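The values are calculated or read from the model by the stated rules, or taken from the named source; none is laboratory data. Just so it is clear, the structure is predicted and the values come from calculations on it, not from any experiment. FYI the Cβ positions are ideal-geometry reconstructions off the backbone, even for glycines, and counts take in every protein chain you see. Surface areas here come from the heavy atoms of the whole protein model, side chains and all, with no ligands, DNA or RNA. Shrake-Rupley method; radii C 1.70, N 1.55, O 1.52, S 1.80 Å.
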Amino acid sequence: MEARLQKILSQWGIASRRQAERMIQAGQVTLNDRPAQLGDKADPERDIIEVNGDRIYPQQRPELVYLLLHKPAGVITTCHDPQQRSTIFDLLPQHHTHKGLHPVGRLDADSTGALLITNDGQLTCALTHPRYHIPKTYQVRVQGCPSADALKRWRQGIMLAGQKTLPAKVTICQREGDQTKLEVILREGRNRQIRRIAKQLGYPVLSLHRSKIGPVCLESPTGGLLCSGKYRHLTQREVDRLRPMIANSARYHQEECPI
């Protein structure tokens with residue numbers, strides 16, 4: 001199946017997508033004995049792809065890996081940070097760093113909780129493309145006590161950058177003095193969406209924790225909570241529960257996946 005070269009190099013664990021783009025621009029990648037260009041597509045089953053003179057073969061693609069990380073605060077959700085800050089990959093063993101892994105979506109540096117990491121590009125598209133509305137559950141502590149009107153507006157959708165957000169499920173869990181703990185379930189993931197909405201409504205976020213992504217949660221299927229900074233492999237049952245989302249993505253997703 002054809003895919004963009006940078007996507008193939010990422011899936012084969014050779015480089016991240018952005019690193020692969022730089023390698024292509026630097027002339028380190030050839031396609032069918034000619035210098036590759038950004039935008040080139042290839043099929044590893046029939047095309048000759050070489051990186052620095054070494055050919056990559058279909059059978060060399062790493063096995064699919066599905067990890068759930070409990071991201072702590074202060075860690076950046078990226079494969080590499082030019083500012084040398086701690087990233088999520090600093091929390092994984094070295095043998096995982098060469099399998100084309102990438103985070104599925106983002107959590108900002110100050111936020112904590114569930115983050116999927118995989119080398120399955122179809123799954124990443126299914127979970128991050130706005131078309132599929134995968135629910136994500138957050139525990140949010142805000143300053144103040146949101147009024148009934150504010151909660152109604154949040155639930156119905158708020159204008160952000162000229163576009164209304166999708167309806168959200170917002171539930172008050174606990175009031176503690178001048179703070180309120182909310183459970184928020186979103187089916188979209190704009191940049192810092194919860195923080196921006198809460199601030200716009202007049203109740204700034206004090207802490208934000210993602211507890212669940214689709215059917216996958218930080219609580220282990222065998223019992224116990226995944227500790228902050230730790231990761232685990234998804235169980236086969238969890239992967240199987242995600243597969244309908246992958247199938248849905250493959251059925252409708254006509255444009256090139258960005259991963």
Is it fair to say I8 is open to solvent by less than 20 Å² (accessible area, probe 1.4 Å), without any contact (Cβ under 8 Å) to a residue 60 or more places away in the chain and more than 16 Å from D120 (Cα to Cα)?
no
Would you say C125 is within 17 Å of the chain's Cα centre (by Cα), more than 26 Å from L206 (Cα to Cα) and outside any loop (DSSP other than H, G, I, E, B)?
yes
Looking at the structure I just gave you, is E21 in a helix (DSSP H, G or I) and either of a type in the set (D, E, K, R) or farther than 24 Å from T235 by Cα (or both)?
yes
Would you pick out the residues in the range 211-228 that are part of a loop (DSSP other than H, G, I, E, B) and either free of Cβ contacts under 8 Å to residues at least 60 places away in the same chain or loosely packed, with under 14 Cβ neighbours inside 10 Å (or both)?
P215, S220, P221, T222, G223, G224, C227
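Here is a yes/no grid of residues against (1) among the hydrophobic types (A, V, I, L, M, F, W, C); (2) in a strand (DSSP E or B):
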{"site": "E45", "(1), (2)": "no, no"}
{"site": "E50", "(1), (2)": "no, yes"}
{"site": "P62", "(1), (2)": "no, no"}
{"site": "H70", "(1), (2)": "no, yes"}
{"site": "A73", "(1), (2)": "yes, no"}
{"site": "H80", "(1), (2)": "no, no"}
{"site": "R85", "(1), (2)": "no, no"}
{"site": "F89", "(1), (2)": "yes, no"}
Selected residue [open to solvent by 20 Å² or more (accessible area, probe 1.4 Å), over 28 Å from V239 (Cα atoms) and in contact with a Lys or Arg (Cβ under 8 Å, 6 or more places away or on another chain)] from R55, R85, R46, R141:
R141
Of these, D240, D149, which one is open to solvent by 50 Å² or more (accessible area, probe 1.4 Å) and modelled with pLDDT under 95?
D240
Of (1) crowded, with 17+ Cβ neighbours inside 10 Å; (2) among the charged types (D, E, K, R); (3) at pLDDT below 95, R131 fails just (1)
